[in-house]
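K.L.:
After the structure tokens below, expect a handful of questions from me.
Since every read-out is calculated from the coordinates, none of them should be taken as a lab result. None of the values given here were measured: they were computed from a predicted structure. Methodologically, a virtual Cβ is constructed for each residue, glycine included, from the backbone with ideal geometry; neighbour enumeration extends over all protein chains shown.
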């Protein structure tokens, strides 16, 4: 039986008629962010390789490439497939991986795109080199160094050199540079403190590069950086390539921290929701909860009425499919009249929120102009 | 180009070779839970209508029906589609909804299944009645009463009676009973305290039923209850139908609270992950984070080695695609040897974790026997 829910939206629809919950892109803000980051990277003479884990959409990746990006990052091998299938020619998997299932994907991807990957342990270098050789492909390898996040990455020059030697010993691998990413400082609230932290991470990366140079190893690429530190990373002179992802969308957490310098990222990503119940004074319930909003970095910090005429409400808690909205002013008002009204919610954290949806509904001035599949949704292997 | 990631697993595979991260069902534990709840409901003479929002899989719903369930609950109309398509004949949408997009789904579903829905406001009754009449379908309607959760549901007998009258005035609607669900007490840690709260919710429901009876309105169904309170709900004599969902899987949060009476739910749902980096003493990194584990009810509370031979580790934090694992005992040990080893993680909250995956990999004794699509994943409209 072909029985499936109707589409959430069609091109030409008014935003007010889009089914809810839906994930919405404000294309004017999105385009401004897209252009601003491309111009920023060009101005500073660094390559831009945006992180596709933030948007998981080949339609968006194609627009990033058209705007000047040298390729994209993915965080997982399976995540890279839709981008490879869509013709993105250069993909960096900015993460370690291990196991036969992963090697199978790596060599398949490398037969379609210029693939680079991260490593931080010698057994993975050998396994990858053997698999690539058997498959007749070449893979660029960037050892990851721990720039202060204390997650993955080598923690000593000796360990880095051992990896570089290991890569050199594999005919199907090519040492392409290093990755130095510090995710933990991207959201440091104070701009100056964030600058200090970013500079410290860049110094760590610089010391590894110097150690390589001292041994006659040329480090072509130093890749890293994120939306929160991109200005400092570009100014450091250390990074040759930047990996920001969230700049396209922003989110509640990034929206809550301090910004300075050239930054001017706009919120372009929202969840459209409908008030579907309001039986108690000063309270309303909307139709999006944990299954439509990632809450790991907090609840939506604001509630925008689509028609700009409603009460000021706060999103105070989320159940699976319910969002609780509370009047900001003390109120015993009857909110029954709000039922059916639409709200826009900026997600607390864009990346895992995007991973809950199958498509973006894109609009300009309230009119749906595009629907983009989130074709890497759920691809976490 | 047909370029897509290889399947995560094939029937017959060893669990040790399943690609990670994957969502795993231990079928022995699952079957035990399935049978126990069916026997429980039969023993207490209440209908069992399990909540499909917990599993989102028509394969599982079919097994619940075969084991005696009268139908399933869904939390959203779009979520009901795959179950209707799979031949589940009776579906209760245990939630309010509003808007033209929702009415379109309701009447389409009602033309394929026996559909019941919740309401808590008169305008929705009229809109639903008009839409059903136009479409030539009949819809069972169960007003929701607020049993103490203070989310949706009417808060007075007068409001309930107005809904009942409104339903009676609509030729395409049928008053079928009431819903009284209190999600907020399902996870009360103390068994006796949970019993008190459940009994209080049942008393609220009973008063609404009595008020209906006093006015000559027969209340056929009183539906509600969840895994945490199902014993008290069944014993109350108020509920005619129970809606538990999590009993099939359990999760970290349910696993951490007190249980008594006849309860003996087993953990059957796990995320299979691989240690993919370990460059610092006493620490390791696995390949599942926020995009493969819902963390709204906490991180995985335990880490099980698939081969039962590793260090005792604690999952201490999650990034998008990384999970940080820390040695439980003070350790300066080199964990590099753990890289490549598999772990099983019981999710903190099963429902939103399930909503991140496209399939269940089901095993018995470490051998993959079934792969079930999570065909309602992402269907939150």
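K.L.:
What does the copy distance list look like for residue B:237, label position 7 Å along Cα→Cβ, in nm and ordered from shortest?
P.N.:
Label-point distances to the other copies, shortest first: 8.5 nm.
K.L.:
Another question, if that's okay. What per residue convex hull volume, in Å³, do the alpha-carbon atoms of segment B:274-381 yield?
P.N.:
Roughly 103 Å³ of hull volume per residue.
K.L.:
Give me the distance in nm between label points sitting 7 Å out from Cα along the Cα-to-Cβ direction at residue B:2 and residue A:200, one decimal.
P.N.:
Placing both labels 7 Å beyond Cα along the Cβ direction yields 5.3 nm.
K.L.:
Using a 10 Å cut-off on Cβ atoms, rank the peptides A:158-164, A:318-324 from the highest mean neighbour count down.
P.N.:
Listed from highest to lowest mean packing, they are A:318-324, A:158-164.
K.L.:
Okay, moving on. To check you understand DSSP bridge types, tell me what percent of the beta bridges within chain A (both residues inside) are antiparallel, rounded to 5.
P.N.:
Given both bridge residues lie in chain A, the antiparallel proportion sits at roughly 50 percent.
K.L.:
Moving on to the next point. Report, as an integer, the average count of C-beta atoms from other chains found within 10 Å of each Cβ along A:98-104.
P.N.:
6
K.L.:
How large is log10 of I(q)/I(0) for segment B:323-381 at q = 0.27 Å⁻¹ when the intensity is taken from the Debye formula with one equal scatterer per alpha-carbon?
P.N.:
Ignoring solvent entirely, the Cα scatterers give -1.20.
K.L.:
When chain A is treated as a GNM, springs tying every alpha-carbon pair under 10 Å, which of A:364, A:329, A:207 comes out with the largest mean-square fluctuation?
P.N.:
Sorting by GNM fluctuation, first place goes to A:329.
K.L.:
Next up: Explain nothing, just the number: relative contact order of chain B, from Cα pairs under 8 Å at least 6 residues apart, as a whole percent.
P.N.:
21
K.L.:
Where is the GNM fluctuation largest for chain A (alpha-carbon springs, 10 angstrom cutoff): A:273, A:331, A:38?
P.N.:
Maximum fluctuation in the GNM of chain A, among the listed residues, is at A:331.
K.L.:
Cα convex hull of the protein assembly as shown: how many Å³ per residue?
P.N.:
Considering the Cα atoms of the protein assembly as shown, their hull volume per residue is 154 Å³.
K.L.:
Still on this structure: Which whole-number percent gives the relative contact order of segment B:27-248, counting Cα pairs below 8 Å spaced six or more residues apart?
P.N.:
Here the relative contact order equals 19 percent.
K.L.:
Starting from the Kirkwood Rh over alpha-carbon pairs, what translational D in µm² s⁻¹ does segment B:109-183 have by Stokes-Einstein at 25 °C and 0.890 mPa s?
P.N.:
Stokes-Einstein gives a translational diffusion coefficient of 198 µm²/s.
K.L.:
Separate question: If r is the Cβ-Cβ distance from residue B:156 to residue B:90 and R0 is 35 Å, what FRET efficiency results, to the nearest 0.05? If you can, show how the numbers build up before the last one.
P.N.:
Working: r = 30 Å, r/R0 = 0.85.
That gives a FRET efficiency of 0.70.
K.L.:
Give the angle, between 0 and 90 degrees and rounded to the nearest 10, that separates the Cα long axis of helix B:122-135 from the longest principal axis of the Cα atoms of chain B.
P.N.:
Result, in degrees: 90.
K.L.:
What is the log10 of I(q)/I(0) for segment A:178-310, computed with the Debye formula using one identical point scatterer on each Cα and no solvent, at q = 0.09 Å⁻¹?
P.N.:
Taken in order of the listed q values, log10 I(q)/I(0) reads -0.40.
K.L.:
Something else about it: How many nm is it between the label spots at residue A:168 and residue B:126, if each spot is 7 Å from the Cα in line with the beta carbon?
P.N.:
For residue A:168 paired with residue B:126, the spin-label model returns 8.1 nm.
K.L.:
What fraction of the DSSP beta bridges in segment B:27-248 is antiparallel, stated in percent and rounded to the nearest 5?
P.N.:
Within segment B:27-248, antiparallel bridges account for around 0 percent of the total.
K.L.:
With axes computed from alpha carbons, what is the tilt in degrees of helix B:100-110 against the longest principal axis of chain B, rounded to the nearest 10 within 0 to 90?
P.N.:
For helix B:100-110, the angle is close to 90 degrees.
K.L.:
Taking the label point 7 Å from Cα in the Cβ direction, how far apart in nm is residue B:304 from each other copy of itself, listed shortest first?
P.N.:
Those label-point separations list as 4.5 nm.
K.L.:
Can you sort A:78, A:277, A:171, B:246 from fewest to most other Cβ atoms within 10 Å of each residue's own Cβ?
P.N.:
In increasing order of surrounding Cβ atoms, one gets A:171, A:78, B:246, A:277.
K.L.:
First obtain the Kirkwood hydrodynamic radius of segment A:1-96 from its Cα pairs, then insert it into the Stokes-Einstein equation at 25 °C and 0.890 mPa s, and state the resulting D in µm² per second as a whole number. Walk me through the intermediate numbers first.
P.N.:
Values: Rh = 15.3 Å.
Using the Kirkwood radius from Cα pairs, D works out to 160 µm²/s.
K.L.:
Ratio of Rg to Rh for segment A:224-268, alpha carbon only, Kirkwood?
P.N.:
Rg/Rh for segment A:224-268 comes to 0.96.
K.L.:
Order of B:256, A:297 from fewest to most other C-beta atoms within 10 Å?
P.N.:
Sorted ascending by nearby Cβ count, the order is B:256, A:297.
K.L.:
How tilted is helix A:157-168 with respect to the longest principal axis of chain A? Cα atoms for both, answer in degrees (0 to 90, nearest 10).
P.N.:
80
K.L.:
Roughly how many whole Å is it from the C-alpha centroid of segment A:13-53 to that of segment A:279-332?
P.N.:
Between the Cα centres of segment A:13-53 and segment A:279-332 lies a distance of 25 Å.
K.L.:
To the nearest 0.05, how large is the calculated FRET efficiency for residue B:218 and residue A:16 if R₀ is 41 Å and r is the Cβ-Cβ distance?
P.N.:
0.50
K.L.:
Right, another one. Using only the alpha carbons, work out the radius of gyration and Dmax of segment B:27-248 in angstrom.
P.N.:
So, for segment B:27-248, Rg and Dmax equal 16.6, 50 Å respectively.
K.L.:
Can you list the copy-to-copy distances for residue A:192, using a point 7 angstrom from Cα toward Cβ, in nanometres, shortest first?
P.N.:
Listed shortest first, these distances are 5.8 nm.
K.L.:
Principal axes first, then extents: for the Cα atoms of chain A, list largest minus smallest coordinate on each axis, whole Å, largest first.
P.N.:
Each principal axis gives a Cα extent; for chain A these are 73, 56, 34 Å.
K.L.:
Specify whether the C-alpha gyration tensor of segment A:50-118 places it in the rounded, prolate or oblate class, a ≥ b ≥ c being the square roots of the eigenvalues: rounded for a/c under 1.5, otherwise prolate if a/b is larger than b/c and oblate if not. Walk me through the intermediate numbers first.
P.N.:
On the way: a/c = 2.03, a/b = 1.74, b/c = 1.17.
Note, shape of segment A:50-118 comes out prolate.
K.L.:
Ok, one more. Using the Kirkwood radius over C-alpha pairs as Rh, can you work out the diffusion coefficient of segment A:137-248 via Stokes-Einstein at 20 °C, viscosity 1.002 mPa s, in µm² per second? List each step's numbers first, then the result.
P.N.:
On the way: Rh = 14.3 Å.
Answer, rounded: 150 µm²/s.
K.L.:
Further, regarding this structure: Once both labels are modelled 7 Å past Cα along the beta-carbon direction, what's the residue B:328-residue A:235 spacing in nm?
P.N.:
4.8
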